[in-house]
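Notes follow once the structure below has been shown.
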Amino acid sequence: MVTVTSPPRVHLPRKHEPRMVSWCPVTTACQASSAGAPLKGSTTLATSTPSIVEEYTRKRPRSAELHARASRVLPNGVTHDKRWLKPYPAYITEAHGGYKQDVDGNELIDFVMGHGALLLGHGHPAVTQAVARQVPVGSHLGGSHELEIEWAEAVARLMPSVEKVRFTSSGTEATQMAIRLARAHTSRPKLLKLHGHFHGWHDAVTKAQSPPYDGRSVPGVPKPVSDQTLSVPADIRAVEDALQRDPEIAALILEPSGAGYAAVPLPEGFLAAARELTSGHGALLLFDEVVTGFRWAPGGAQERFGIRPDLTMLAKILAGGLSGGAVAGPNTVMDLLEHTEDATRDADRRVVHQGTFNANPLSAAAGVACLRVVTNEAPGTIAHGLALRLRIGINKRLERLSVPGCAWGDSSICHVLLGDEVSNRTTRDLLRPDLPPEVLKTKGSNRRLAWLLGLAMSNEGVDLFAGSAIVSAAHTVQDIDRTLDAFERCVHRLQAEGEVRER
Ligand SMILES: Cc1ncc(COP(=O)(O)O)c(C=O)c1O
């Protein structure tokens, strides 16, 4: 057994405090294909210069020890597929504002931001105080409580399509419940989803999450179950064909930002056409606003794009950084969850739903506090402005360095890819780079380069999330400018290691 002692504690910056950083870990989606690939760096650089991978491991001896220990009790030593990283992930000790710190004392600008849950940054005082007030009076009250009402009222006030809310413990549970409600409402069994759109990990939505989109079911999901989900490209004619061909489709589910929080944006006019088509075919339109909710606008993507879905799924920002989710919508659908005096109707039509931690008071307290800030302080607008600066800054630098690649995104998200030629890059705030959807979804066709960029950014003290920066209102202009400088150094480093060339 490896014994690990605590490193000296390093002061982390509080919210909005400008701060120089040294380092960080990066999770990328490319580890699988890069595992076992020969590392070129040590052969192309002078021996005195460590390769990107050597530098990563040299700065993280304690994370290496923890990972060895973790691998004995956790599959791959991690607890989420996206936290798996070669050679190993960094283990984090604490986080404040826009920063976090690992067990080796490396400070990192955090662009993972709780997988998108932390629009306000780590430890926002309104949220931590609300949770601290609730902890001593009960983490589970075994009954109804006022905070859950306040929480649902805030959601209904903010989200244009919402009258009633049912809380769950996660986004995955929210999409599962929304699909069940759609099936019960329409008395139809099938679900239509779009290639690359992610809706959690339950059986109905695992199909076509990532390329290749060849209709296969994933291990552990029986084919008859997987066959109930149909998947088409984000092309409105494909949606129309599917709805026309199959009268058993209960609902179309989608990320209203496009796949992977705007990594693969939807074509112009897609949402409005999808609204019309689903209504015309008696199917429901389900907006998965787990990421976009309260971020794209206070009322989510539905407010921003002016389209009302039949059901909305929420999580992440909803619960202010604690666990929680919700399915929400108009009474006409949500009432299927209600008990009535009619026993026959209830037996035949009512949708059952339990969940020990639904609307638990700690998540409710954090959620109410967070949504109050969303309502009063427009944190999404602050984060959006910072992400815009990051996207434009990366594209300018790539242009200046004459290196293929680009940054793109929407709202407070910045996606980055290197190595692919992008013909429309001169538009500095790229909504959609001119590249195939599969390349956008995987953030570049060169998986090894994406992986090394992630490690190199870690080495520069910037923690990306699978090739993307999820920007919060706790980040600062200085954080963005430091990230841009870090990015430029990484590009030089990758050039020096022979991994990326000038155009
Ligand atoms: C769009 C989208 N839907 C659903 C989910 C699943 O949410 P959770 O991880 O809370 O189960 C996620 C998670 O990242 C997501 O991004």
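A short reminder: the numbers here are calculations on the coordinates, not readings from a lab. Keep in mind the model is a prediction, meaning the values are calculated, not measured. Note that each Cβ is placed from the backbone with ideal geometry, even for glycine, and that neighbours are counted across all protein chains shown.
The table that follows gives values for the structure above.
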quantity	calculated
Gain upon complete extension [L431, D241; 0.36 nm per residue less C-alpha separation]	65.7 nm
Across K207/K441; K59/K86; K396/K441; K86/K316; K86/K223, pairs whose alpha-carbon gap is larger than 24 Å	K86/K316; K86/K223
Euclidean distance of C-alpha centroids, segment 326-364 and segment 212-289, integer Å	25 Å
Sorted peptide list for 247-253, 152-158, criterion being average Cβ within 10 angstrom, highest first	247-253, 152-158
Total formal charge among the other residues, if their Cβ is under 11 angstrom from that of L440, Lys/Arg +1 and Asp/Glu -1	0
Spin-label zone in segment 427-453 - amide nitrogen under 17 Å from a point set 7 Å from the Cα of E268 along the C-beta vector	427-435
Contour excess over end-to-end distance, with Cα ends at Q495 and E341 and 0.36 nm allotted per residue	48.3 nm
Paramagnetic reach from H140 in segment 321-336 [backbone N under 19 Å; point 7 Å along Cα→Cβ]	322-326
Proximal charge balance of E150 [Cβ under 14 Å; K/R count +1, D/E count -1]	0
Cα→Cβ-extended label distance, 7 Å offset, between S279 and A68, nm	6.3 nm
Distance (nanometres) between label positions extended 7 Å along Cα→Cβ at E248 and T79	3.9 nm
Selected from V403, G385, N360, residue furthest toward positive end of dipole (segment 343-411; charges at beta carbon)	V403
Difference of contour (0.36 nm per residue) and Cα-Cα distance, I149 to F357	73.3 nm
Calculated [θ] (222 nm, deg cm²/dmol) that DSSP helices of n ≥ 4 give over the chain, each run adding -39,500 (n - 2.57)	-11500 deg cm²/dmol
Percent of beta bridges antiparallel (DSSP, the chain, rounded to nearest 5)	55 percent
